[in-house]
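First comes the structure, then the notes that go with it.
The values are calculated or read from the model by the stated rules, or taken from the named source; none is laboratory data. Quick caveat, the model's predicted, so the values are computed rather than measured. Quick reminder, even Gly has a Cβ in these numbers, built from the backbone with ideal geometry, and neighbours come from all protein chains shown. Just the protein is used for accessible areas: all its heavy atoms, side chains included, with ligands, DNA and RNA removed. Shrake-Rupley method; radii C 1.70, N 1.55, O 1.52, S 1.80 Å.
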Amino acid sequence: MISKFQNLIDLNDYPVSWWDELIELGKKIKKNPEEYAHKCDGKIMGTLFYEPSTRTQMSFQTAMLRLGGRVIGFDNPETSSVAKGENLKDTTKIVSSYADIMVMRNPLEGSAKAAALTADCPIINAGDGKHLHPTQTLTDLLTLSEKKGRLGGLTVGVCGDLINGRTVHSLLKALSCYPDNTFVLISTKELRLPSYIKSILKATNSKYIEVESLEEAMPMLDVLYMTRIQKERFASEIEYLSQKDIYILDNRKLSLAKKDLIVLHPLPRVDEIAVEVDDDPRALYFEQAKNGVFIRMALVLTMIGNTNPQVLLKGKTHAGVCCKNPKCITNHEQYLPKNFIGNGDTLECEYCDERLLRE
Ligand code: CP
């Protein structure tokens, strides 16, 4: 199925050269934002946040306002007709007929792609469940490029909730496309990176190791990407409590690191970075969040009004086959074609990337 617009569902739908151009535009905007103050005069952004957000929602809104445009939308579906039972298709179809560009966060994996199938304006994925968060990755790449001067040849540690962390999934997928990066995956056994992301690292010949000790990893890292243990993604409070507070970055651990380490975090943080770390010049997470506005201004400028068609579904349906991921959008919105990409003996859901063995 083909969308009438170019959407941003997954960064890897685009070539690295496209990301690099966005990053360069984001840097130019950061240097001289006034130059772009009227580029979106008369345009409207719709922001549909079915899940809580501070940075993503407000940085998109700020980006549009700084470009001269205006914003409509909701930050709580309970105040919209979603509370009356309206499905994703109808809500996004309607808002996309009011807006010139739409930004959506939703707890279901594959929801942005599902919405893009029928929307009447481009859609930007602002986080779909534990799947992907491409605009956080653009923010991360801009910050890395500014601070390190390169996006390859880095040893990058990602620490915490690697199984549920959509920011980590998108970041690793992106950085694996740059040469000579090494990834240190720091987590407990329970929260290890999903196998489909490891398969992507293998397919790009990226080096990676899995470790449980943050202290052991610290001395080898150029970048440490801390993440929150995401309470909302656990099946029970007991499971969450068993993982909480295992990884806490403090000044003692930071003393083991290189002098030019940079510490990133998509935020919000809970306890995984002690507040004392904020005063260390290597702590760049607040600047990272600020960069979110400039890269999102670049993204909006690039996508708004872009009517080049985008192929969204390339695979096919298989009689009686459903995605086994209970949080996949196809298990909640029954009208969606349940499309899979064939891959030897496995099928891969085209919405959430979950793999299942062929019967
Ligand atoms: N990084 C991020 O997505 O933050 P919010 O959840 O506050 O948008």
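Using the structure shown, list the pairs from LYS84/LYS113; LYS207/LYS324; LYS148/LYS207; LYS231/LYS290 with a Cα-Cα distance above 27 Å, or answer none.
Values: LYS84/LYS113 23 Å; LYS207/LYS324 30 Å; LYS148/LYS207 20 Å; LYS231/LYS290 25 Å.
Violating the 27 Å limit, Cα to Cα: LYS207/LYS324.
In the P(r) worked out for the stretch 67-213, what percent of Cα pairs fall beyond 24 Å? Kindly include the intermediate steps, with their values, before the conclusion.
Details: 4599 of 10731 pairs.
Of the Cα pairs, 43 percent sit more than 24 Å apart.
Model label points for ASP180 and SER17, set 7 angstrom from Cα along the Cα-to-Cβ axis, are 2.3 nm apart. When the alpha-carbon atoms of the stretch 61-141 are used, the pair Rg, Dmax equals 12.8, 39 angstrom.
When the alpha-carbon atoms of the stretch 122-179 are used, the pair Rg, Dmax equals 11.7, 35 angstrom. Divide the volume of the convex hull of the Cα atoms of the stretch 231-359 by its number of residues and quote the answer in cubic angstrom per residue. Hull volume over Cα atoms, normalised by residue count, gives 217 Å³.
Quick one: among GLU190, GLU237, GLU287, which has the greatest mean-square fluctuation in a GNM of the chain with alpha-carbon springs under 10 angstrom? Fluctuation is largest for GLU237.
The length gained by stretching the chain between ASP279 and LEU357 to full extension, at 0.36 nm per residue less their Cα-Cα distance, is 23.2 nm. Rolling a 1.4 angstrom probe over the stretch 39-97 with all protein chains present gives an accessible area of which 48% lies on carbon and sulfur atoms.
Dimensions of the stretch 176-293 along the principal axes, based on C-alpha atoms and rounded to the nearest Å, stand at 39, 39, 34, largest first.
For the stretch 1-147, the normalised intensity computed at q = 0.14, 0.17 Å⁻¹ comes to -0.68, -1.01 (log10 of I(q)/I(0), Debye sum over alpha carbons, equal scatterers, no solvent). Taking every DSSP helix (H) stretch of at least 4 residues in the chain, weighting each as -39,500 (n - 2.57) and dividing the sum by the residue count yields a mean residue ellipticity at 222 nm of -9500 deg cm²/dmol.
Legend: Rg and Dmax of the chain, from Cα coordinates, 19.9, 58 Å.
Charges at C-beta only: +1 for Lys and Arg, -1 for Asp and Glu. How large is the resulting dipole of the stretch 101-164 about its Cα centre, in Debye rounded to 20?
Values: 6 positive and 6 negative charges, 44 e Å.
For the stretch 101-164, the charge dipole is close to 220 debye.
Stokes-Einstein diffusion of the stretch 274-327 at 25 °C, 0.890 mPa s viscosity, Kirkwood radius from Cα pairs, rounded to a whole number: 150 µm²/s. For an R0 of 56 angstrom, estimate the FRET efficiency from the Cβ-Cβ distance between ASN308 and LYS258 and round to the nearest 0.05. Between ASN308 and LYS258 the formula returns 0.85.
Could you do me a favour and compute the accessible area per residue for the chain, 1.4 Å probe, result in Å²?
Working: 15230 Å² over 359 residues.
Each residue of the chain exposes 42 Å² on average to a 1.4 Å probe.
Packing here is the average count of other Cβ atoms within 10 Å per residue, and on that basis the peptides 133-145, 78-90, 101-113, highest first, run 101-113, 133-145, 78-90.
Considering only PRO337, CYS349, CYS323, and ranking their Cα positions along the charge dipole of the stretch 304-354 that arises from unit charges at the beta-carbon of Lys, Arg, Asp and Glu, the one farthest toward the positive end is PRO337.
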